[in-house]
1. To test your reading of the geometry: what angle, between 0 and 90 degrees and rounded to tens, separates the Cα axis of helix 72-85 from the longest principal axis of the chain?
2. Quick one: divide the alpha-carbon radius of gyration of the chain by 2.2 N^0.38 Å and tell me what you get.
3. Per the 1.4 Å probe, what fraction of the accessible area of the chain, in percent, lies on carbon and sulfur atoms?
4. Determine the per residue accessible area of the stretch 10-86 with all protein chains present and a 1.4 angstrom probe, expressed in square angstrom.
5. Compute log10 of I(q)/I(0) for the stretch 66-113 with the Debye formula, placing one identical point scatterer on every Cα and leaving out solvent, at q = 0.14, 0.19, 0.27, 0.31 Å⁻¹, to two decimals.
6. Stretch Leu90-Val127 to full length: gain in nm at 0.36 nm per residue minus the Cα-Cα span?
7. Hey, can you rank 24-32, 42-50 by average C-beta count inside 10 Å, highest first?
8. Output the 0 to 90 degree angle, nearest 10, between the alpha-carbon long axis of helix 27-50 and the longest principal axis computed from the alpha carbons of the chain.
Amino acid sequence: MFAMLRVKTVPTTGWSSPRPLSFLPAPMTLLMLCIGLVLFGLGEALLINAGIGVSPWTVFSQGVANVSGLGIGVSTFFIGVGVLLLWIPLKQTPGLGTLLNIVIISAVLELSLPYLPLVTSLFAGLVQTFIGVLTVGLGSGIYLVANLGAGPRDGVMKGLQRVSNLPI
């Protein structure tokens, strides 16, 4: 079990894309990418709904949503597009997974939040947070193994690391 914690690269499977910049992936690769992104978005929605805490980028999206009156999914979409524009000076190249990351996660956030049950106790919030973290982790693993391009925020991190030569 702890061997998993020593993994230094994203593993590949039979359905992983051989090239991250493939815009015509195998149907199974595309399906797994989409499943991973849906799970990621659903996990983030569970974290938001639990009301206990969310990731830094989701906090930013919540702030933009609160100030602008946009939904959390819509603000996540616009932030994703804005972050993607930062790839230009960093000379990063997006893949199909990069673009679908923006669209699918934003849509799942926007569409799922109204249907999640109201959290009425700390215990329920903690359970939902735990499930949300596991779901984000599972979704991340699946979409990363699909190997169809980094998410917008990950690409900025990779680009900054390459340009600065500092460790991640």
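The values are calculated or read from the model by the stated rules, or taken from the named source; none is laboratory data. Every value quoted in this text rests on a predicted model; they were computed, and no experiment measured them. No Cβ is skipped: glycine too gets one built from the backbone with ideal geometry, and neighbour counts run over all protein chains shown. The accessibility values were calculated without ligands, DNA or RNA, using every heavy atom of the protein model including side chains. Shrake-Rupley method; radii C 1.70, N 1.55, O 1.52, S 1.80 Å.
1. Result, in degrees: 20.
2. Working: Rg = 16.4 Å, N = 168, 2.2 N^0.38 = 15.4 Å.
That ratio works out to 1.07.
3. For the chain, the apolar C and S fraction of the accessible surface comes to 74 percent.
4. Working: 4080 Å² over 77 residues.
Using a 1.4 Å probe on heavy atoms only, each residue of the stretch 10-86 averages 53 Å².
5. -0.37, -0.62, -0.96, -1.10
6. 9.3 nm
7. 42-50, 24-32
8. 30 degrees
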